[in-house]
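The values are calculated or read from the model by the stated rules, or taken from the named source; none is laboratory data. Keep in mind that what you see is a predicted model, and the values were worked out from it rather than measured. Neighbour counts are summed over all protein chains in view; Cβ atoms, including those assigned to glycine, are modelled from backbone coordinates with ideal geometry. Accessible surface is based on the protein model in full, side chains and every heavy atom, while ligands, DNA and RNA are left aside. Shrake-Rupley method; radii C 1.70, N 1.55, O 1.52, S 1.80 Å.
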Amino acid sequence: MKTSAGRFFEDYRIGEVMAHAVPRTVSGGERALYHALYPARGAIHSSDEFARACGLPAAPVDDLIAFHLVFGKTVPDISLNAVANLGYAEGRWLAPVWPGNTLRAESTVIGLKENSNGKSGVVWVRTRGLNQHGVAVLEYVRWVMVRKNRATPAPDPVVPALKPAVPAAELVVPGGLDFSRYDFALAGEPHRWADYQVGEKIDHVDGVTVEEAEHMLATRLWQNTAKVHFDATFREDGRRLIYGGHVISLARALSFNGLANAQMMVALNGGAHANPCFAGDTVRAWSEVLDKAATPAPGVGALRLRLVAVKQGAEPFALRDEGGRYRPEVLLDLDYWALVPV
Amino acid sequence: MKTSAGRFFEDYRIGEVMAHAVPRTVSGGERALYHALYPARGAIHSSDEFARACGLPAAPVDDLIAFHLVFGKTVPDISLNAVANLGYAEGRWLAPVWPGNTLRAESTVIGLKENSNGKSGVVWVRTRGLNQHGVAVLEYVRWVMVRKNRATPAPDPVVPALKPAVPAAELVVPGGLDFSRYDFALAGEPHRWADYQVGEKIDHVDGVTVEEAEHMLATRLWQNTAKVHFDATFREDGRRLIYGGHVISLARALSFNGLANAQMMVALNGGAHANPCFAGDTVRAWSEVLDKAATPAPGVGALRLRLVAVKQGAEPFALRDEGGRYRPEVLLDLDYWALVPV
Amino acid sequence: MKTSAGRFFEDYRIGEVMAHAVPRTVSGGERALYHALYPARGAIHSSDEFARACGLPAAPVDDLIAFHLVFGKTVPDISLNAVANLGYAEGRWLAPVWPGNTLRAESTVIGLKENSNGKSGVVWVRTRGLNQHGVAVLEYVRWVMVRKNRATPAPDPVVPALKPAVPAAELVVPGGLDFSRYDFALAGEPHRWADYQVGEKIDHVDGVTVEEAEHMLATRLWQNTAKVHFDATFREDGRRLIYGGHVISLARALSFNGLANAQMMVALNGGAHANPCFAGDTVRAWSEVLDKAATPAPGVGALRLRLVAVKQGAEPFALRDEGGRYRPEVLLDLDYWALVPV
């Protein structure tokens, strides 16, 4: 048998390290496609000149390009037989990715817990993305529910203790970043770190109706091979499930309108793909300021933000129903730290 | 309120200069996407070698990439509340744009005229695109009808005097351009400047049926944020209006078949988006030679061309009905100067 | 008449050489788009670092990018009036193509045979793709059935003698290629040349449902201008025929799952587009090992593979019906040589 059926729950061992296949070199091509696929307008990722004025050697590629590429590499080893993508934690961007960099990924199994039905279990992995110098550019914990394929004894449950959010002191500011001469006019909005209040909510106004071709182009670009995104014969209802990361990028790009200066993502505290997204849905986004912190870099502050993606029919800022469940129009509930000029 | 609702008619002042947000660095990625989105085959923009044989250091990106990027930047400041895009004039390409260049844009308000209904008015702006050296690469005048939001006194009307066409003497030929060793075989057609007659009309034969995903990829690539292109819930009929510039690029690319040697656009004399274009329309194009002129560059002549885009059902070369209105199948009527080997 | 109606059967002469129009410079943009359009994961084409570890200076662009670009250039001169694309033979990749290379194409007419109905004939051409140094990067023979436009005497029939497959001794291994330190884990699968047996068949499992926007983006990217791929009003049934090369690339990319180490295509022995493919079809692929051969390069073996693309409803490994015709679900039957670590 030359093809792989993917791993099942019983195939994982605590402490095991998986070197994921197919390294990938990025170029201006991936950047251009990112701008074609998402309404991304963040100035640091759009302009070499703006990035240089902020102390960087050139514009890095969007932080989510690094995330999607690393995530995509893990799919064949982690989520091919996943029933559900349950959560993220302790995600940090550790170094920018530049055109010409080559990324690879590796994951360590840090948690295993079989479900009481004996048919599936939860696998926790800590994934790192590395560039061609072996420098980590990204790390995050992700946990998924994976099917069992054979009747094996349940392993001793190991549930990792995960931080509810990355502490501000652990955020990694890209080397050289300096917002002390930040050009708010070129960046698109006048709002600085001091203008945002904890608890403030922002409706990002704009909406995008999603097409099949778009989400498939995106998901393939990240070499994510999960069948359910591409094969209309896979689900009984003939619909292709949109990669959750596509919704993350859409929502993050839409959040420009109100958060134009939330320039760089530096931590992923958590995230839930609350409901599936399908072609034809019109995606909108709103944000809530969860926390604020200083950083040691000149002129650079940090905002902890909740980013919520919703689809048509959503009411303003509505997240959960009375029973505490996500409302059916909520697609994504993401918790991240971003760097903002003070 | 962190988000912008855009400017209304009463927010503009004569002489005001707007520095538009989000500079953008272009690369081979934007060029490749242009070739994927439009059937563009012009040799100077396709091949570094062909461009070098014509005296340029390498292939610049398509002239319309510069136009779309500059136009896109103006949208949040000028046309977010526009009722209609009324016209273009005095457009000139002033310098080629190369991969690695960073473009920004600024506009000066040169005309204001409130409509008699007191609910809207016309705003004229002169927009310039600048590269990272501050060199202007493009300039054009555009006027739009913009809604009023508050009951303010009408400003004194100022209607700029605009040239009906850019005089041939004011065309800017890219530095170094030399068509004296032009390779007609490699370029795709034998027709030279001398072969085109004023009044001649050319049916460009080919048609392209447009998909939603395509026009949205294109419009996002230019960071054009107008809701009506992306959000199927925005219009009552549930249709997404295709960015007029997408039709310009489609028609210009289709015109290769008959105008393969009309290599570079150097002036935009005028243009009307005669009727809206929607996904499912099959776009065709025809051209009319309006004028001819010499240029000081070796082997380089100029043709003034009318480029008309039509959709299914159009009759050959039909433009206006008996009442002088554009026929319903006409999408675009564009008037431009192009450089052609003599 | 400025536009070209294309050539008809009576317009070809044995020995005639056609220099095809519009050279094209490739960049990281074309590579990124290739990854967005196809589920391509071959490590040598994905990663500069992996390619370097295999003795190459950097990652070349996918071998099929070279094929499609060269093929696209021939369309206006060869297949604009083609009734059918009948076959390929004696195809060889002769040198890798790198970002920054400029490709052009030329074809020599090597065979002509009028059909007995006097209304069409078969034209054989040998096409070569050349880079900016004049070095051939690709060559192949292709034959098409072309309509006659005028009542001319039938030419003396010339039917070239074509090899049923490129002999292994004539395969060109890219200079420097060395698989002796090949990293199977990074490449994605452990299977080496020695693990494949002649006669072995591999079901590549995954499927992709094709959208109109995708195949048009791809076909335009290769500057292929055949109307039938773009214009929904061209065929009576209102459907756009998908460029056969799009199916080749889809199937080749899908074959990663089971043939991840079949890294480089070096010969195209033959191929048939068995049935048309349309948007909405879900494409799958299977392969059969037809032959094995050694090469002089260190650690590098060659596999001759049949690559079959099928659509929904296909039975496993079914190719022809009892009458010897391709079954209706078979889209492509391709015969090629690939380089594999021994």
Taking every pair of Cα atoms in region B:151-270, average 1/r, invert it to obtain the Kirkwood radius, and report Rg/Rh to two decimals.
1.07
Ordering A:Lys73, C:Lys2 by how much accessible area each has at a 1.4 Å probe, largest first, what is the list?
C:Lys2, A:Lys73
About the Cα centre of region C:34-134, how large is the charge dipole given +1 on each Lys and Arg Cβ and -1 on each Asp and Glu Cβ? Please answer in debye to the nearest 20.
200
Using a basic spin-label model with each label point 7 Å from the Cα along Cα→Cβ, how many nm lie between C:Asp291 and A:Asp178?
6.5
Accessible area of region C:292-342 belonging to carbon and sulfur atoms, whole % at 1.4 Å probe:
50
Under the definition of Cα pairs under 8 Å and six or more residues apart, what whole-number percent is the relative contact order of chain B?
19
Using alpha carbons only, how many angstrom separate the centre of region B:301-326 from the centre of region A:124-139?
57
Cα-centre dipole for the protein assembly as shown with unit charges at Cβ (Lys and Arg positive, Asp and Glu negative), debye to 20
180
Among A:Asn101, A:Tyr38, A:Ala89, which residue has its Cα furthest toward the positive end of the charge dipole of region A:27-165, with +1 on Lys/Arg Cβ and -1 on Asp/Glu Cβ?
A:Ala89
Solvent-accessible heavy-atom area per residue, rounded to whole Å², over region C:22-92 at 1.4 Å:
18
Could you tell me which of the pairs B:Lys163/B:Lys201; C:Lys113/C:Lys201; A:Lys311/B:Lys311; A:Lys73/A:Lys148; A:Lys227/B:Lys227 are separated by over 26 angstrom between their Cα atoms in the structure shown?
C:Lys113/C:Lys201; A:Lys311/B:Lys311; A:Lys227/B:Lys227
Give me the 1.4 Å probe accessible area per residue for region C:165-271, excluding ligands and nucleic acids, in Å².
31
Check each residue of region B:201-215 and keep those whose accessible area, probe 1.4 Å, is at least 50 Å² smaller with all protein chains in place than in the chain alone; give them in order of residue number.
B:Thr209, B:Glu211, B:Ala213, B:Glu214
Projected onto the charge dipole of region B:149-198 (+1 at Lys/Arg Cβ, -1 at Asp/Glu Cβ, origin at the Cα centre), which of B:Pro174, B:His191, B:Pro153 gives the Cα projection farthest towards the positive end?
B:Pro153
Given a 1.4 Å probe and no ligands, DNA or RNA in the count, how much accessible surface is buried by A and B, both sides, to the nearest 100 Å²?
3000
Under the definition of partner shielding as Cβ atoms of other protein chains within 10 Å of a residue Cβ, what is the mean value for peptide B:251-258?
2
Relative contact order [Cα under 8 Å, 6+ residues apart], region A:80-125, whole percent
25
Distances in nm from B:Gly199 to the matching label points in the other copies, shortest first (labels 7 Å along Cα to Cβ):
7.8, 7.8
Quick one: pull the percent of accessible area on region A:76-181 belonging to carbon and sulfur, 1.4 Å probe, ligands and nucleic acids left out.
51
I'd like to know how region C:1-134 sits against the 2.2 N^0.38 Å rule of thumb: what's its Cα Rg over that expected value?
1.24
Cα-centre dipole for region B:236-326 with unit charges at Cβ (Lys and Arg positive, Asp and Glu negative), debye to 20:
240
Between A:Gln312 and A:Arg235, how high is the FRET efficiency from 1/(1 + (r/R0)^6) when r is the Cβ-Cβ distance and R₀ = 25 Å? Nearest 0.05.
0.75
Run through the other copies and list how far each one's label point is from that of C:Pro155, in nm with one decimal, shortest first; the point sits 7 Å from Cα along Cα-Cβ.
6.9, 6.9
Taking a point 7 Å out from Cα toward Cβ as the label site, list the nm distances between B:Arg325 and the same residue in every other copy, smallest first.
5.3, 5.3
Ignoring everything except DSSP H segments at least 4 long, calculate the 222 nm mean residue ellipticity for chain B; use -39,500 (n - 2.57) per segment, divide by total residues, nearest 500.
-5000 deg cm²/dmol
Would you mind getting me the FRET efficiency between A:Ala136 and A:Ala84? Use the beta-carbon distance for r and R0 = 25 Å, nearest 0.05.
0.40
The equivalent-ellipsoid semi-axes of region C:209-265, taken as the square roots of five times the Cα gyration tensor eigenvalues and listed largest first in whole Å, are 27, 12, 8
Distance histogram in 20 Å bins (all Cα pairs of the protein assembly as shown, percent per bin):
13, 45, 35, 8, 0
Take the alpha carbon atoms of region B:9-88, find their center, do the same for region B:216-233, and report the distance between the two centers in whole angstrom.
15
Accessible area drop of at least 40 Å² (1.4 Å probe, protein heavy atoms): which residues of region B:23-64 qualify, relative to the chain alone?
B:Pro23, B:Thr25, B:Ala32, B:Leu33, B:His35, B:Ala36, B:Arg41, B:Ser46, B:Glu49
Calculated on alpha-carbon atoms, Rg and Dmax of region B:290-334 in Å
15.0, 45
Evaluated at q = 0.14 Å⁻¹: base-10 log I(q)/I(0), Debye formula over Cα of region B:97-161
-0.53
At 7 Å along Cα-to-Cβ for each site, give me the label-to-label distance between C:Ser116 and C:Ala161 in nm.
2.6
